[in-house]
Amino acid sequence: MGDVQNDEQEIFNRIATHFPPAKIKKIMQTDEDIGKVSQATPVIAGRALELFVAMLVSQAGQTARSQGNKRISSETLRDTIMNSEKFDFLREAVCGDEEAEN
């Protein structure tokens with residue numbers, strides 16, 4: 001478990017690109033049910049999104065290397081999502097209802 005946390009911390013520390021909080025706030029407010037948004041909310045949502053994307057890409061890179069590929073393809077992302085418990089919430093969106101149940 002410690003190795004997983006160290007890997008995630010390393011990924012978090014290497015993130016150099018950030019989502020602009022103003023853009024995130026604008027996207028959030030397109031939903032009619034969302035009223036005022038505190039100043040910290042878009043920043044936190046942006047960091048969470050950055051970490052999620054970095055973790056998915058890192059895991060997909062490991063999957064590609066294990067398959068002998070140098071590039072991450074849509075099949076590599078699909079395999080990563082299907083074989084990782086961490087991304088199991090994406091299975092239905094990526095693979096449809098029948099494969100999400102497997």
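The values are calculated or read from the model by the stated rules, or taken from the named source; none is laboratory data. None of these values were measured; they are calculated from a predicted model. Backbone-built Cβ (ideal geometry, glycine too); neighbour counts: all protein chains shown. Keep in mind that these areas ignore ligands, DNA and RNA; they rest on the heavy atoms of the full protein, side chains included. Shrake-Rupley method; radii C 1.70, N 1.55, O 1.52, S 1.80 Å.
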Only one of 32, 92 is open to solvent by 50 Å² or more (accessible area, probe 1.4 Å) and touching an Asp or Glu at 6+ places or on another chain (Cβ under 9 Å); which? 92
Residue 80 - would you say it is open to solvent by less than 50 Å² (accessible area, probe 1.4 Å), of a type outside the set (A, V, I, L, M, F, W, C) and either modelled with pLDDT of 90 or more or out of contact with any His (no Cβ under 9 Å at 6 or more places or on another chain) (or both)? yes
Could you please find all residues in region 30-56 being in a loop (DSSP other than H, G, I, E, B) and among the hydrophobic types (A, V, I, L, M, F, W, C)? 34, 37
Can you tell me which residue in region 12-29 is surrounded by the most Cβ atoms within 10 Å (Cβ to Cβ), limited to those that are among the hydrophobic types (A, V, I, L, M, F, W, C) and not in a helix (DSSP H, G or I)? 19
Enumeration of residues in region 1-46 that are under 14 Å from the mean Cα position of the chain (by Cα) and under 21 Å from residue 84 (Cβ atoms): 8, 11, 12, 15
Test: residue 60 is open to solvent by 40 Å² or more (accessible area, probe 1.4 Å), among the small types (Gly, Ala, Ser) and not in a loop (DSSP other than H, G, I, E, B): no
